Amino acid sequence: MSERAKALQQPKQGRAKKVWIWSLGVLLVLILILAIVYQTILYKPSSEAKTAMTSDETVTVSVGQAGYRFEPASSDAAVLQPNVIFYPGGLVDPKSYAPFARELAEAGHRVYIATMPFNLAFMGQNKADAFISEHPEESYVIGGHSLGGVFASRYAAEHLDQIDGVFFLAAYAEEAGSLADVQFPVLQMTATKDGVLNREEWGKGKRYMPNQTEYITIEGGNHAQFGSYGSQKGDNAATITLEEQQKQVISGLLEWMKKLL
C-alpha cells in the first residue's frame with residue numbers, strides 16, 4: 001500500500017473508532033437508564049418480609065438453584081406433604097412472599113419461592129423443575145400470584161405427572177395452561193377490593209378450570225396483600241389488614257391441601 005493510501009486510510013480508521021466508542025457509550029447509558037427505571041417499578045419486600053427471610057428455631061430459610069427454600073427446622077418430624085412451589089407476581093421481588101412461605105413452613109410444609117429472570121414468570125416457567133428434582137419421590141402443588149399464577153398453571157398443564165394440585169392467588173388459567181380435564185384439586189382465591197386483576201379475563205378463564213375447582217373470596221382484601229410489598233399501582237385500598245388477608249390465604253391453602261393427604 002502506498003504512503004498516500006495509508007495516509008488516507010488513517011482518518012477513516014480514526015472516525016470508525018470514534019463511532020464505535022460513541023455507540024458503546026450510548027449503549028451503556030441506555031442500560032443504566034433501563035436499570036434505574038426497572039428499580040423504580042420493581043415492588044420490593046416490606047420490612048416484615050425481609051425479617052421473615054431469616055432462619056430461626058422453627059423455620060430454615062436457604063437459597064437454592066432456582067429460588068428460596070423454607071422448611072421446618074426440626075429434623076425429627078417428617079415434612080408434611082405436599083411440598084409447595086410458588087411463582088411470584090410480575091415485577092414483585094420474590095422475598096415479598098416470605099411471610100406466606102414461612103407460615104406454611106411453620107405448619108410443616110416445605111415451600112419453594114421461585115426467582116424469575118427480571119422478576120417475570122414467563123421468563124422462568126420451568127423453574128419448578130429444579131425444586132421437584134430435590135425430592136422427586138414426594139408430592140407437589142404449584143401456584144402463584146397474579147402473573148405467577150398464569151405460568152404456574154402452564155407448568156402444571158405440561159407436567160401433570162409431577163403435580164398434584166394447583167392454586168391461584170388473584171390469577172387465572174388461560175388456554176395454554178388449561179386445567180379443564182385434570183382430576184386433582186384446584187383452588188382459586190380472589191379479593192373483593194382487587195383493582196389489578198382483570199375480572200373479564202378471570203371470568204373467561206373459568207372455562208379452563210376443572211369442575212372440582214374451589215373458589216374462595218376474601219372480603220375486603222386487595223391485590224397487593226397477597227404478598228407483602230406495600231401498595232400497587234392500580235390497586236384499591238383494602239378494608240382489612242395485611243395480617244388478616246394473609247391469615248385467610250394461609251388457612252385457605254392449608255385446608256385445601258388436606259384434600260391431598
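The values are calculated or read from the model by the stated rules, or taken from the named source; none is laboratory data. Owing to the predicted nature of the structure, the values given are computational and were not obtained by experimental measurement. Here Cβ is always computed from backbone atoms with ideal geometry, including for glycine, and neighbour counts include all displayed protein chains.
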Would region 211-218 turn up any residue that is touching a Leu at 6+ places or on another chain (Cβ under 9 Å) and surrounded by fewer than 16 Cβ atoms within 10 Å (Cβ to Cβ)? yes
Check off (1) touching a Phe, Trp or Tyr at 6+ places or on another chain (Cβ under 9 Å); (2) over 25 Å from residue 156 (Cβ atoms); (3) in a helix (DSSP H, G or I) for residue 243 and give me the number that stays unchecked. (1)
Restricted to region 194-210, and to residues that are basic (Lys, Arg) and over 21 Å from the mean Cα position of the chain (by Cα), which residue is surrounded by the fewest Cβ atoms within 10 Å (Cβ to Cβ)? 207
For region 148-164, state whether one or more residues are of a type in the set (Val, Ile, Thr), assigned to a loop (DSSP other than H, G, I, E, B) and modelled with pLDDT of 95 or more. yes
Run residue 203 past the list (1) in a loop (DSSP other than H, G, I, E, B); (2) without any contact (Cβ under 8 Å) to a residue 12 or more places away in the chain and report the number of the one that doesn't hold. (1)
Could you pull out the residue among 121, 114, 156 that is in the same structural domain as residue 79 (by TED's automatic domain parsing), closer than 22 Å to residue 258 by Cα and crowded, with 24+ Cβ neighbours inside 10 Å? 156
